[in-house]
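One structure below.
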């Protein structure tokens, strides 16, 4: 954590609910997040932990502006983003937030380098500067010799390295990782987490969703979720 705490994310009274399906036999709504209050300071490395269905991925998607809360207020860098229109959310998400998912979501028919460059194509950066940045990131994740390979020519660990480099291409202040080691063996998981720790050391705020204790051990702070509520918040 940084020496001088500066809030990056403030969540106040966040709730999320969905209409019940007809197959569930009754009307009304299912609430998956209950009155969430969290402050995440700039430079923190935070793990969200909980069993499947505890609400951790839903909360991460709200933080990442991929979903909207049903109620509550979300401030990012002091700006209330709760009611932003979709185009403004997309622009802010592309500039400020990098995503790493369990499924790598690489475009299969383009090279690893082109996959890394994709988020930067909408950022107004020159093609030469974007290419240089993408190459530097491929080198950082240890794939300087795989830039011209397509995803099918890469191992799972290599694909996740490409996904991490892609998440960083726009130099986001916030990196969100949703079970980033879920499809990897223990050795490769450690390599990916070491890279995320390096990203954190370089100044990014990192929020990680995981059910794995070894993966969570890289974080400075852990939030434990159960049935859509925060039941624990502390340093580990």
For this session: Kindly indicate whether residue 231 is in contact with a strand residue (DSSP E or B) (Cβ under 6 Å, 6 or more places away or on another chain), without any contact (Cβ under 8 Å) to a residue 40 or more places away in the chain, assigned to a strand (DSSP E or B) and under 30 Å from residue 31 (Cα atoms).
Result: yes
Seminar exercise, completed: Flagged in segment 206-225 as touching a helix residue (DSSP H, G or I) at 6+ places or on another chain (Cβ under 7 Å), surrounded by fewer than 21 Cβ atoms within 10 Å (Cβ to Cβ) and outside any strand (DSSP E or B), in numbering order, are 218
Exercise. Just a yes or no: is a residue in segment 91-108 surrounded by fewer than 16 Cβ atoms within 10 Å (Cβ to Cβ) and in contact (Cβ under 8 Å) with a residue 60 or more places away in the chain?
Worked result: yes
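Yes/no per residue for (1) under 27 Å from residue 57 (Cβ atoms); (2) modelled with pLDDT of 95 or more; (3) in contact with a helix residue (DSSP H, G or I) (Cβ under 8 Å, 6 or more places away or on another chain):
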| site | (1), (2), (3) |
| --- | --- |
| 109 | no, yes, no |
| 123 | yes, no, yes |
| 136 | no, yes, no |
| 145 | no, yes, no |
| 162 | yes, yes, yes |
| 189 | yes, no, yes |
Exercise. Among the candidates 232, 203, 157, 228, which residue alone is surrounded by fewer than 16 Cβ atoms within 10 Å (Cβ to Cβ) and over 16 Å from the mean Cα position of the chain (by Cα)?
Worked result: 232
Exercise. Under 16 Å from the mean Cα position of the chain (by Cα), surrounded by 15 or more Cβ atoms within 10 Å (Cβ to Cβ) and either at positive phi or part of a strand (DSSP E or B) (or both) - does that describe any residue in segment 182-200?
Worked result: no
Exercise. For segment 166-173, does any single residue satisfy the condition of being farther than 27 Å from residue 65 by Cα, in contact with a helix residue (DSSP H, G or I) (Cβ under 6 Å, 6 or more places away or on another chain) and assigned to a loop (DSSP other than H, G, I, E, B)?
Worked result: no
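The values are calculated or read from the model by the stated rules, or taken from the named source; none is laboratory data. Since the structure is predicted, the reported quantities are computational estimates derived from the model, not experimental observations. Every residue, glycine among them, receives a Cβ derived from its backbone with ideal geometry; neighbour counts consider all protein chains shown.
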